[in-house]
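Participant: Provided herewith is a single structure, encoded as structure tokens, for subsequent inquiry.
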Amino acid sequence: MKLFNPAGRPGSTISYAGLLEKIEILRSTLRWSSKLDRADIEKLLRQFNALRDEVMQLSHKERFVQAASAEPAVPDLTPEDQTPGQRRRALLERSFVFEGTFGDNPKLLDALEVAEKAAPTDLPVLIDGESGTGKELMAKVIHANGSRADKPYISVNCGAIPDNLLESELFGHKKGAFTGAANDRKGKFESAHKGTIFLDEIGELPLPGQVKLLRVLQSHEIQRVGSDELISVDARIVAATNKNLRKLIAEGAFREDLFYRLSVIHVTLPALRERRDEIPLLIAYYGDEAAEALKRRPLKMTPRLRSFLLNYAYPGNIRELRNLMYRLSCLAGETADITHLPEDIRPKSVAPAASAAAGDGAVPASLSEAKRAASDEAERAFLERGLKEVGGTVAELARRCEMNRSHLQMLLKKHGIHSKDFRRQAAQREGGSASPGTEHGA
Ligand SMILES: Nc1ncnc2c1ncn2[C@@H]1O[C@H](COP(=O)(O)OP(=O)(O)OP(=O)(O)O)[C@@H](O)[C@H]1O
Ligand SMILES: [Mg+2]
């Protein structure tokens, strides 16, 4: 069965949205088919799910390639001379493994370019950034792009280990070393031998633990608790923190020598509020992901919820946005509104959804944000009006507005607008039963 071959038709534009739509139709046809055995149906569904995941991944990659392809990258330009799209595409062309990291914010690209250079070396990397900015993801990116990619990646949350178990957790123990040590046990460092050890929340490591860690970094040897034997370990160190380690050093809570050992390469990840232009894409992406995980239809949103999500400050960064999309998908029925937001972030005096006007969610943090939100809303209204006029035919809309069709598809995806909804509405109108749609948020 020949399903999808992007290289097979040179010059043709692949419509991922179209492909996804076809797959969705096939999935629902198969789900309700009465002529197939249930076992066959399940098997086919599994195959289609896998195919859909692949297509979504490709679509994800393609968005950025498309954005960049308008201006081809010039190889000998320095990053400062390149547009974000060119920089992202250059990374793709160098076969950089993104591990699902997306966005082309210049600060994020700076971090990815540092990661690209650091990955093949064994130099220690310190990643800092606020909670939920993708530090753990970045550690995986560094591992995946290095020569140790097929070796173990061991993650340790330094803040979650009780003081009295720290040494045994990191370095292992010998049978009988302490009450409860019923067997010899390897520690995290030994498990990470030849691979990478990710020391998360390094700022939470108590001072005695810092001394022990420093010793390993200097000698590349560990001793299991209760044993005299020295064991060589070759683990690449990546550490992360959302604390200001220099401040901790000044307060005497973090060792300066350990800081310098860990931060040979230092990467700082931007907060989501520094890359607000990517919020619509993230909403669409995590809306799709949540729908898939919860086995629901993609979420529809009221305009005031969309406006809130575009303007909210996200102190918990990408993780908070992702969690919000899962919460909304889970709690809302067909359409999510700001009443489905957690109470602590919900705007005060929320009017019932039916009488709510667009845009009365959160107050934008700045004039430029207000302008961006207004421009987003205008873009969205333009697309919806256009699709309505052409009965949902994207190619026709592209022709009428003299726009590149793939660019138009990208804008529709960004706003979570589904052309098939407009085709359905047009068909209903022809049949005499038009029903006004709410927005598709993801
Ligand atoms: N650039 C990005 N693109 C896509 N997803 C991202 C990006 N950055 C972070 N995420 C997602 O956001 C969530 C939080 O990321 P991660 O756990 O790596 O953050 P963190 O900085 O380690 O957070 P914390 O400090 O709270 O431990 C994850 O679901 C991750 O996949
Ligand atoms: Mg983390």
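Participant: Based on the mean of other beta carbon atoms within 10 Å per residue, what is the order of 325-334, 278-287, most packed first?
Facilitator: Order by mean packing, descending: 278-287, 325-334.
Participant: Excluding residue 236 itself, calculate the net charge of residues whose Cβ lies under 10 Å from the Cβ of residue 236, where each Lys or Arg counts +1 and each Asp or Glu counts -1.
Facilitator: +1
Participant: Cut-off under 18 Å on the C-alpha distance; same-chain residues fewer than 8 positions from residue 371 excluded. Which aspartates and glutamates are left, in chain and number order?
Facilitator: 274, 277, 278, 360, 379
Participant: Still on this structure: Can you tell me which lysines have their Cα less than 22 Å from the Cα of residue 43? Leave out same-chain residues fewer than eight positions away.
Facilitator: Straight-distance partners of residue 43: 2, 22, 35, 295.
Participant: If you don't mind, there's one more thing I want to ask. How far apart, in nanometres, would the label points at residue 393 and residue 346 be if each is projected 7 angstrom from Cα along the Cα-to-Cβ direction?
Facilitator: 4.5 nm
Participant: Could I ask something else about it? Could you calculate the contour length gain from residue 407 to residue 165, that is, 0.36 nm times the residue separation minus the distance between their Cα atoms, to one decimal place in nm?
Facilitator: 81.7 nm
Participant: Continuing with the same structure: What trypsin sites (Lys or Arg not before Pro) does region 173-233 have in DSSP loop regions with at most 16 other beta carbons within 10 Å?
Facilitator: Numbers: sites: 174, 175, 185, 186, 188, 194, 212, 215, 224; in loops: 174, 175, 194, 224.
Here the trypsin sites (Lys or Arg not before Pro) that fit, given the DSSP loop and packing criteria, are 175, 194.
Participant: What is the antiparallel percent of DSSP beta bridges lying wholly in region 106-269, to the nearest 5?
Facilitator: 20 percent
Participant: On a full-extension model of 0.36 nm per residue, what is the gain between residue 191 and residue 319, subtracting their alpha-carbon distance, rounded to one decimal in nm? Before the final figure, lay out each step's value.
Facilitator: Working: separation 128, 0.36 × 128 = 46.08 nm, distance 2.83 nm.
Working it through step by step, the gained length comes to 43.2 nm.
Participant: List the trypsin sites (Lys or Arg not before Pro) within region 264-302 that DSSP assigns to loop and that have no more than 12 neighbouring Cβ atoms inside 10 Å.
Facilitator: Sparse-neighbourhood loop trypsin sites (Lys or Arg not before Pro): 295.
Participant: List the GluC sites (Glu not before Pro) within region 372-425 that fall in a DSSP loop (any state other than H, G, I, E or B) and whose Cβ has at most 13 other Cβ atoms within 10 Å.
Facilitator: Answer by residue number: 402.
Computed from the coordinates by the stated procedures, all read-outs in this text should not be read as laboratory data. Everything numeric here is computed off the predicted structure, so don't read it as measured data. Neighbour counts are summed over all protein chains in view; Cβ atoms, including those assigned to glycine, are modelled from backbone coordinates with ideal geometry.
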